[in-house]
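The values are calculated or read from the model by the stated rules, or taken from the named source; none is laboratory data. This is a predicted model, so every value here is computed, not measured. As a convention, Cβ positions derive from the backbone with ideal geometry for all residues, glycine included, and neighbour counts pool all protein chains shown. All accessible areas refer to the heavy atoms of the entire protein, side chains included, with ligands and DNA or RNA removed. Shrake-Rupley method; radii C 1.70, N 1.55, O 1.52, S 1.80 Å.
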Amino acid sequence: MCAMVAAVVLAAGASSRFGSPKQQLLLAPVLGRVRRASSIEDIVVVLGAHDVETDARTIRCPDWERGPGASLRCGLAELPADVEAAVVVLADGPMLSPEAIDRVVASWRKGDSYVVAASYGGNRGHPVVLGRRVWNAIPDEGARALQPALVDCDDLGAPGDVDVPADLSGRVDEAGGE
């Protein structure tokens with residue numbers, strides 16, 4: 001029997017550069033992509049600065065302003081005891097490939113590392129898998145402080161990073177489709 005893997009979708013930020021709660025626009029398409037990954041059995045969305053309407057289970061992180069690590073710790077704490085790994089997904093990455101999620105989970109399942117991250121053009125990106133063993137080691141700056149095994153996902157395309165409205169350029173319409 002395979003170890004249970006859940007997704008923690010980080011959607012707690014203030015969206016100050018965007019000018020409005022970008023999570024409201026981007027969360028549903030990102031969740032659609034996470035749900036299409038065959039390796040994910042549970043999802044929790046971490047909220048903080050803004051309330052966001054979603055059909056997914058949510059947890060409000062009172063310490064979200066401390067950094068992405070605080071939000072991630074809130075999400076990890078919400079997962080059931082039988083979850084052995086969490087896939088960290090950012091709510092502002094609308095082009096996330098479900099295959100990238102499955103690829104990093106497969107690497108984690110093979111025992112490549114307790115921390116496995118997708119890479120694009122040789123650069124670390126998302127999604128990131130965290131084995132339960134490292135959950136207590138998440139600092140306020142987030143999982144970026146942990147050294148991962150990298151899994152090449154160049155062929156799948158990077159998930160994107162929407163910080164300002166111009167970053168959207170039609171991506172939201174594309175994000176949920178396929």
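Taking a point 7 Å out from the Cα of K110 in the direction of its Cβ, the residues of the stretch 25-50 whose backbone N falls within less than 17 Å of it are 39. Heavy atoms of the protein chains alone define the surface here; on that basis the stretch 1-158 has 45 Å² accessible area per residue at 1.4 Å probe size. About its Cα centre, the stretch 101-141 has a charge dipole of approximately 220 debye under the convention of +1 per Lys or Arg Cβ and -1 per Asp or Glu Cβ, with nothing else charged. Model label points for Q147 and A77, set 7 angstrom from Cα along the Cα-to-Cβ axis, are 2.9 nm apart.
Taking a ≥ b ≥ c as the square roots of the eigenvalues of the Cα gyration tensor, an a/c ratio of 1.5 or more together with a/b no larger than b/c marks the stretch 78-125 as oblate.
For an R0 of 35 angstrom, estimate the FRET efficiency from the Cβ-Cβ distance between D155 and M4 and round to the nearest 0.05. Numbers along the way, then the final one.
Values: r = 28 Å, r/R0 = 0.79.
Rounded to the nearest 0.05, the efficiency is 0.80.
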